[in-house]
């Protein structure tokens, strides 16, 4: 059994009986966050999809506090290592077996960088999504991305035909996929459960998640679960 807990925007914790990881832990300054950094405990790894502030967030602080390892694309991992965090750099298409489970990086169509005080941007490499196999369950956190055709091959080529249990997919539009493209992504990936993310945090990404859920469940053999910050979903047989 695994449990997925939503902490607002694109931040999720995934826990099994023995391990716990957090993805894109933007808590400080996040108007949706239900917890603070001080409340984050017992984290084995911090997975970061890309170097925008609303995803990198509190990753370094949490990693140091929990003696956890940041898993991220090479350039972003190097940046976090320079801030004093333990890191495990990876890149698109690469996989690694960690103690908590297996992680494989997928592409994501987006950007990655942090603005500097002088108006320039520190470029932090390619963004990514994460395929995670943990506690006999599989998860796909797409990261921030637009729709791309290779999503249709993810189950066959990256999980050896194994069905994805939970897909975390952005629906906010403007910076990421909107509901129409997200619906196509869910249709292509065909997970057991789809969880919409990256919406309603700011006015520009306001969306009707209930309408997205209704369409997914009406037209696809997929359950769509809307989680409010603090809500958890247990993934059983």
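The values are calculated or read from the model by the stated rules, or taken from the named source; none is laboratory data. Note that this is a predicted model, so its numbers are computed, not measured. Please note: Cβ atoms are built from the backbone with ideal geometry, for glycine as well, and neighbour counts cover all protein chains shown.
With 69, 106, 120 as the choices, which residue is within 15 Å of the chain's Cα centre (by Cα) and either over 10 Å from residue 50 (Cα atoms) or modelled with pLDDT under 95 (or both)? Please lay out each step first, then the result.
Values: 69 fails: within 15 Å of the chain's Cα centre (by Cα); 120 fails: within 15 Å of the chain's Cα centre (by Cα).
Of the residues listed, the single one that is within 15 Å of the chain's Cα centre (by Cα) and either over 10 Å from residue 50 (Cα atoms) or modelled with pLDDT under 95 (or both) is 106.
Applying the set (1) at pLDDT 95 or above; (2) over 21 Å from residue 12 (Cβ atoms) to residue 128 leaves exactly one unmet item: (2).
Here is the figure for the range 209-237: residues that are loosely packed, with under 14 Cβ neighbours inside 10 Å, without any contact (Cβ under 8 Å) to a residue 40 or more places away in the chain and either in a strand (DSSP E or B) or out of contact with any strand residue (DSSP E or B) (no Cβ under 9 Å at 6 or more places or on another chain) (or both) total 6. Across the range 159-208, the number of residues qualifying as free of Cβ contacts under 8 Å to residues at least 12 places away in the same chain and either in a helix (DSSP H, G or I) or buried (at least 20 other Cβ atoms within 10 Å of the Cβ) (or both) comes to 2. Of everything in the range 14-38 that is surrounded by fewer than 19 Cβ atoms within 10 Å (Cβ to Cβ) and within 18 Å of residue 131 (Cβ to Cβ), the residue that is modelled with the highest pLDDT is 19. Within the range 72-95, does at least one residue satisfy the condition of being within 26 Å of residue 228 (Cβ to Cβ), under 16 Å from the mean Cα position of the chain (by Cα) and part of a loop (DSSP other than H, G, I, E, B)? No, the conditions are met nowhere in the range 72-95.
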